[in-house]
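Below: one structure, written as structure tokens.
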Number of protein chains: 2
Amino acid sequence: MRISFLGLGIMGAPMARHLAKAGHDVTVCNRTMAKAAAWVAAHGGQAAATPAAAAVDAEVVIACVGADADLRAVTLGRDGAFAAMAPGSLFIDHTTVSAAIARELADAGAARELLVLDAPVSGGQAGAENGMLTIMCGGSATAFAESQPVMEAYARRIGHMGPAGSGQLTKMVNQLCIAGVLQGLAEGLALGEAAGLDLAQVVDVISKGAAQSWQMENRAVTMARGEFDFGFAVDWMRKDLGLALDEARRLGVTLPLGALVDQFYGDVQAMGGGRQDTSSLIRRLAHR
Amino acid sequence: MRISFLGLGIMGAPMARHLAKAGHDVTVCNRTMAKAAAWVAAHGGQAAATPAAAAVDAEVVIACVGADADLRAVTLGRDGAFAAMAPGSLFIDHTTVSAAIARELADAGAARELLVLDAPVSGGQAGAENGMLTIMCGGSATAFAESQPVMEAYARRIGHMGPAGSGQLTKMVNQLCIAGVLQGLAEGLALGEAAGLDLAQVVDVISKGAAQSWQMENRAVTMARGEFDFGFAVDWMRKDLGLALDEARRLGVTLPLGALVDQFYGDVQAMGGGRQDTSSLIRRLAHR
């Protein structure tokens, strides 16, 4: 298929690469043009100067950019993709953004007869590199059905969660769960360390029961060692928790732990840890 | 071996039963004597009127009682076990108590040439019934070595975590991790429910990635359904978090999530949920 990919960041670049490898005709577009040129030199296809230019003749346009404002710019802004897309073509957004903008794009797309899917991912940079992402989708059954064969190039698991915005809402649930797991783990390890326990041994014993979590199995040892230069960055997690807190305010739900851990990530940012893995929450407890 | 078991609650009774089934000569002792008589009628062995009477001639004395005060009463109190135990005999405590009393009993035991092990368990009532508990032990290498063949009657996993008190400290780490996992999960599900997502589908999609936890796999669906009449009671979790908070205060560690979730469990108690499973945290968010 003729697919245009907008945004060649640490997630977008490997996702676009998987599409090219799967045999699609890929056009890439990136704010920093040099990045798009380098991508084309490495993986083939062609680079476009603007989202609109990328969207002309594309059967599918995919975005993986920064936040709501970036997404609005590449879709509805000047030289945005939507005005250039042909009726019946498909727009997939992999950015983690608000459910509100997901619905806004779904409406704007419907007015132009575009199929639109909000499809935030989890699995991090490693998942994008290995083509093992989990994708949580919101949109019509048709948009979902059309996008599935495309996304299979880089996904291990794809779920259709409901109408427009449902993918973003599911991603919020995911991030809230992670926030709770990590802060609990950080406090447990900080207490254990202060008490003189061997943390690797503690994790070995408790990780087979009711306290078990992916984070415990994959991050407790590096947390105990104070290693945080990998994984999913605190800056992005704060963005995601902010989206969940905004949505909760709108829905009349309280997220006391979500709000608290968001503030704690603010502490980690102030300690210079904005680009460290989310497990760096332990730094503010263990004073590292 | 001649083993005396003090405390036939929902954990102690099945543990003592596993010992009898493994061929040990078991004497039981319970505050409510009728319970001990009923246990003997069902499983054999003999009942003793006091911990001291149970301890005479026992090679091993095991306690599984309520809290610090109960444990002190059955060991060092009037008619307590310690004064009646023979030098060289072994005392195993399965109660979840403070690290301070674990150390106090280790010292009092050492003065009488007793081997003492603090050995709190996790796995809940189901783990005790099935003989699949995890046991976190603190004490000397000798006490640990002597106790292991006894505890194997009801344990799947036994760890020696360090000197006296280390078993209790490890249990605190375990409970803090659970508190974080559950509150994060509760907030995520409450947000998802308010947003109209299908929670079973959400859990299915996110439970294979970085948000995964034992609690998500085993409690999310019942949380979504509002089922809490099983599992580990809020009242006991509050006791355990209180122990962790006291220990943290002593060590100069802060547990902001632990303190907050402890308060939330207080809300659940005030809502009449003291005997409900710890996953009932979602009640105060979803107003059920």
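The values are calculated or read from the model by the stated rules, or taken from the named source; none is laboratory data. Remember, it's a predicted structure, so these values are computed and weren't measured experimentally. Quick reminder, even Gly has a Cβ in these numbers, built from the backbone with ideal geometry, and neighbours come from all protein chains shown. With ligands, DNA and RNA removed, areas are computed over all heavy atoms of the protein, side chains included. Shrake-Rupley method; radii C 1.70, N 1.55, O 1.52, S 1.80 Å.
Residue under question is B:ALA111, and the condition is that it be away from every other protein chain (no Cβ under 13 Å) and without any contact (Cβ under 8 Å) to a residue 12 or more places away in the chain; does it hold?
Yes, satisfied.
For the range B:8-52, name all the residues that are of a type in the set (Ser, Thr, Tyr) and open to solvent by less than 40 Å² (accessible area, probe 1.4 Å).
First pass over the range B:8-52, keeping only residues of a type in the set (Ser, Thr, Tyr): B:27, B:32, B:50.
Once the filter is applied, which keeps residues that are of a type in the set (Ser, Thr, Tyr) and open to solvent by less than 40 Å² (accessible area, probe 1.4 Å), the range B:8-52 yields B:THR27, B:THR50.
In the range A:233-245, which residues are open to solvent by 30 Å² or more (accessible area, probe 1.4 Å) and away from every other protein chain (no Cβ under 11 Å)?
Start the filter on the range A:233-245 by keeping residues that are open to solvent by 30 Å² or more (accessible area, probe 1.4 Å), which leaves A:235-236, A:238-239, A:245.
Passing the criteria: A:ASP235, A:TRP236, A:ARG238, A:LYS239.
Out of curiosity, is B:LEU251 aliphatic (A, V, I, L, M), under 19 Å from A:ARG284 (Cα atoms) and out of contact with any Pro (no Cβ under 8 Å at 6 or more places or on another chain)?
Against the criterion (aliphatic (A, V, I, L, M), under 19 Å from A:ARG284 (Cα atoms) and out of contact with any Pro (no Cβ under 8 Å at 6 or more places or on another chain)), B:LEU251 qualifies.
What helices (runs of 4 or more DSSP H), lying completely within the range A:119-232, carry at least 1 residues that are facing another protein chain (nearest Cβ under 7 Å)?
On the way: elements: A:124-130, A:141-151, A:166-194, A:199-206, A:214-225.
By residue number, A:166-194, A:199-206, A:214-225.
How many residues are under 28 Å from A:MET237 (Cα atoms), assigned to a helix (DSSP H, G or I) and open to solvent by less than 30 Å² (accessible area, probe 1.4 Å) if we restrict to the range A:65-107?
To start, the set of residues in the range A:65-107 that are under 28 Å from A:MET237 (Cα atoms) comprises A:65-77, A:80-81, A:91-107.
Pick out the ones that are also assigned to a helix (DSSP H, G or I) and you get A:68-76, A:99-107.
Subset that is open to solvent by less than 30 Å² (accessible area, probe 1.4 Å): A:71, A:74-75, A:99, A:101-102, A:105-106.
Selection size over the range A:65-107: 8.
Give just the number: which of (1) open to solvent by less than 20 Å² (accessible area, probe 1.4 Å); (2) without any contact (Cβ under 8 Å) to a residue 12 or more places away in the chain does B:VAL203 not satisfy?
Of (1) open to solvent by less than 20 Å² (accessible area, probe 1.4 Å); (2) without any contact (Cβ under 8 Å) to a residue 12 or more places away in the chain, only one is false for B:VAL203: (2).
Looking at the structure I just gave you, is A:ALA55 in contact (Cβ under 8 Å) with a residue 40 or more places away in the chain and crowded, with 17+ Cβ neighbours inside 10 Å?
Spelling it out, A:ALA55 is indeed in contact (Cβ under 8 Å) with a residue 40 or more places away in the chain and crowded, with 17+ Cβ neighbours inside 10 Å.
Taking the range B:256-273 as the search range and keeping residues that are open to solvent by 10 Å² or more (accessible area, probe 1.4 Å) and either part of a loop (DSSP other than H, G, I, E, B) or modelled with pLDDT under 95 (or both), which one is nearest to A:HIS287 (Cα to Cα)?
The qualifying residue nearest to A:HIS287 (Cα to Cα) is B:MET271.
Within the range A:32-52, track down each residue that is in contact (Cβ under 8 Å) with a residue 24 or more places away in the chain, closer than 17 Å to A:VAL65 by Cβ and either of a type outside the set (Ser, Thr, Tyr) or not assigned by TED's automatic domain parsing to the domain that holds A:GLY66 (or both).
A:LYS35, A:ALA36, A:TRP39, A:ALA48, A:PRO51, A:ALA52
Of these, A:GLN148, A:GLN175, which one is surrounded by fewer than 24 Cβ atoms within 10 Å (Cβ to Cβ) and under 18 Å from the mean Cα position of the chain (by Cα)?
Only one candidate passes the filter, namely A:GLN148.
Could you give me the residue pairs with C-beta distances under 7 Å whose first residue belongs to the range A:81-103 and is in the same structural domain as A:LEU241 (by TED's automatic domain parsing), whose second residue is open to solvent by less than 10 Å² (accessible area, probe 1.4 Å) wherever it lies, and which are 6+ apart or on separate chains?
Going by the 7 Å Cβ cut-off, there are no qualifying pairs.
What is the number of the single condition among (1) more than 18 Å from B:VAL173 (Cα to Cα); (2) open to solvent by less than 20 Å² (accessible area, probe 1.4 Å); (3) within 17 Å of the chain's Cα centre (by Cα) that B:PHE230 does not meet?
In the conditions (1) more than 18 Å from B:VAL173 (Cα to Cα); (2) open to solvent by less than 20 Å² (accessible area, probe 1.4 Å); (3) within 17 Å of the chain's Cα centre (by Cα), B:PHE230 misses (2) alone.
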